[in-house]
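Each value in this text was obtained by applying a stated rule to the coordinates, not by laboratory testing. Everything numeric here is computed off the predicted structure, so don't read it as measured data. FYI the Cβ positions are ideal-geometry reconstructions off the backbone, even for glycines, and counts take in every protein chain you see.
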Amino acid sequence: MYKELPLDISTWDEWCMQQFIKENAALFHVFISQYVKDADSIDDFLQEAYIRLWTHRKSIGKVASIRNYFYTIIYHVIIDKYNAFSTKPDDVSLDEIGVNIPVEENLTRNIIKAESSHLIAEAIRKLSPQSQKVIFMSLQGKTLNEIAEALNLSINTIKTIKYRALKRLSELLPREEFFILLILLGTFKC
């Protein structure tokens with residue numbers, strides 16, 4: 001049974017924290033990957049942010065948006081790591097793990113990008129398994145012929161599946177996210 005997480009983080013127990021991680025881990029992973037390229041380092045940054053949220057939860061109290069608050073924690077973890085690396089000897093380099101220092105004016109844009117990715121992924125999960133495959137393969141840049149061959153279906157069947165999937169996604173997604181999806185699919189060129 002789904003239970004909404006309380007906005008007062010000071011009341012959280014272990015179940016709340018586990019739910020928060022379970023529901024949002026992929027979203028935050030996408031967000032951090034905009035600043036950190038190394039997969040192991042992304043996990044380290046995310047783990048540090050979770051630890052900060054958990055250890056400081058009593059002093060945080062009530063927030064308007066738990067996810068937005070957590071984005072700021074992630075941002076500060078990246079800044080703190082950057083500052084820590086900057087004071088170490090030259091043999092340690094942020095370039096080695098692919099860390100880009102977040103610029104504050106890009107923060108909102110990157111949050112929107114991560115949230116859009118999350119909305120699109122959630123909408124795709126609501127499609128039939130066959131439609132999901134066609135959309136995911138299209139997002140990977142595969143042509144209709146390649147998809148038809150891989151799924152052992154006719155090209156006309158793939159066209160129909162993709163058309164119906166896009167029609168359904170246009171109903172499930174806000175206009176802006178649907179437009180982003182079309183760009184990702186290569187349907188529209190900017």
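Points to keep in mind about this one:
- Flag if Glu176 is closer than 16 Å to Lys126 by Cα and part of a helix (DSSP H, G or I): no
- Residue count for the stretch 7-52 satisfying the condition of being without any contact (Cβ under 8 Å) to a residue 24 or more places away in the chain, surrounded by 13 or more Cβ atoms within 10 Å (Cβ to Cβ) and outside any helix (DSSP H, G or I): 0.
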